[in-house]
Amino acid sequence: MKNLKEHFWFTFFDENPDSDDVADDIRNIGAINRFTRPDWSLVLTPYEFMDKDVNDYNKSFNQLLEIIKNLPELLFKGDFKQFSHKVGFYDETLQSFFADYARLNLDTITPCRWDLINTQDGLKILELNTGGALGGFAYEEVQKIYDETLDKENTKEPSLNVIETWDNPFTEISLFIQNKLAKLNNPLLLVVDDESIYKDSPLIANSVALTLSKTLKRDVNAITHTQLKTVLDEHTGDILCFEVFGAIDLVRAKESYQTYLNGVETKRIYPIIDLLSELFMSKAILALLKQEATLTQLEPYQVKVINELIPDSVFLKENKEAQQYQQKLNANDWVLKPAIGYGGQGVVCQWEMSNTHWQEQVKTCLETKDTLFILQKRVISTKVNLIAMTAQGHFIESDKPCVLGVFNVNGVFGGGTVRQSLSGEGVINASKNAAVGVIRRRLN
């Protein structure tokens, strides 16, 4: 028999006659607020962090981000061109952009989403995602459904006394924006995305605009970068820009971004998101942090954080023994990842293929000249029973692996999301049939 208090949400969605209605509300509200899509599966039972653990986790994340941001200075004497090449950005124009941008020293923020797996040895980092295009921001209205449901059940059964809260990444983002707005002349706040990306998938830009509008209680529109010139011509005042686009987008179409670049230079446009974010997202940084040459230059507490949070990671190309190294270990031990990429693209899991196919994949990557790859040791997720609802409305109980997307903004813990594989595949995201849900904080 499950402890009702400890397993409240599992028991609710497993047994409570109201659970169907609550699940429908989560689906509908999630889609309206662009947290999810109607064709996605949902994790109905929130993943819960104990309140006492949150501060420790967040302290470690902050320490690690500080180490990462200091790597160009620590290892390359501030040379961002060398650093960006080292972590997989081979385009010289992009390297120059990072170097020039770093010298501007702009007043911006770096929203983070740490993608983690919970293991028997604690949380392990799969990758760091940073910038304005992070998925899973807009879950406030979904969390309110859980709040209302919990209040109702606590009222019906006072002895239950389940106390929870949740954290919102937009709390800190909004505070930063409010402080910026107060210093500007007749400011207009815009969410700006790359034109080609927005036309293909406007979900993130629109969800950010909607959430900022609700949080700040002001009009916030999402536009493409090519619309900035018209806005500048028509608006008599400053523009505060929440960048959903990244440095790669800008360099790829630099001429069409000239309005943005000139606006920043002349102080007509004030940026919110640090465009170095994309640089610090390189998965090669995890391998760089694990190198002995890096560890020997760090303080003991920094080495401890790295060793506790980051699984074994190596550069595929630079480590001549990497191919032989992985052959010596047991099967199912490695994940092959391109240093630059999103949404699980190009990620190969050793345990999902024959050894012959795996060796072919490694050989191909070793011969690839324009892409840097890393090998990362597989981490085994602790099993957590969650209840999901498929896009067709079927309830499924699963203990398949979960990835936690934990937000951190300006050093402040911002809650997060959970993705659970419903198929058992190694790459866990919504496009590969993973269910998506929220993280809550248990206070008792």
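The table below gives the values:
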item	result
Test: residue in segment 65-79 that is under 22 Å from ILE125 (Cα atoms) and either hydroxyl-bearing (Ser, Thr, Tyr) or assigned to a strand (DSSP E or B) (or both)	no
Elements of type strands (runs of 3 or more DSSP E) in segment 170-258, at least 3 residues being touching a residue at least 60 places away in the same chain (Cβ under 8 Å) and over 25 Å from PRO38 (Cα atoms)	239-243
Criterion: out of contact with any strand residue (DSSP E or B) (no Cβ under 7 Å at 6 or more places or on another chain) and either part of a loop (DSSP other than H, G, I, E, B) or crowded, with 17+ Cβ neighbours inside 10 Å (or both) - qualifying residue of GLY437, GLY341, GLY405, GLY416	GLY341
Some residue of segment 132-142 being modelled with pLDDT of 95 or more, within 27 Å of SER201 (Cα to Cα) and either outside any helix (DSSP H, G or I) or among the hydrophobic types (A, V, I, L, M, F, W, C) (or both)	yes
Selection from segment 113-131 of residues that are part of a loop (DSSP other than H, G, I, E, B) and either out of contact with any Pro (no Cβ under 9 Å at 6 or more places or on another chain) or within 15 Å of VAL406 (Cβ to Cβ) (or both)	GLN120, ASP121
Output for segment 82-112, where each listed residue is assigned to a helix (DSSP H, G or I), of a type in the set (D, E, K, R) and more than 20 Å from ASP249 (Cβ to Cβ)	LYS86, ARG103
Test: residue in segment 367-379 that is assigned to a helix (DSSP H, G or I) and not β-branched (Val, Ile, Thr)	yes
Residue ID - farthest from ALA23 (Cα to Cα), chosen from residues in segment 64-74 that are surrounded by fewer than 17 Cβ atoms within 10 Å (Cβ to Cβ) and in contact (Cβ under 8 Å) with a residue 40 or more places away in the chain	LEU74
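Conditions tested, residue by residue: (1) at pLDDT 95 or above; (2) small (Gly, Ala, Ser); (3) under 13 Å from ILE340 (Cα atoms).
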site: ALA247; (1), (2), (3): yes, yes, yes
site: GLN258; (1), (2), (3): yes, no, no
site: PHE280; (1), (2), (3): yes, no, yes
site: ILE285; (1), (2), (3): yes, no, yes
site: LYS290; (1), (2), (3): yes, no, no
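The values are calculated or read from the model by the stated rules, or taken from the named source; none is laboratory data. Not measured: the values here are computed from a predicted model. No Cβ is skipped: glycine too gets one built from the backbone with ideal geometry, and neighbour counts run over all protein chains shown.
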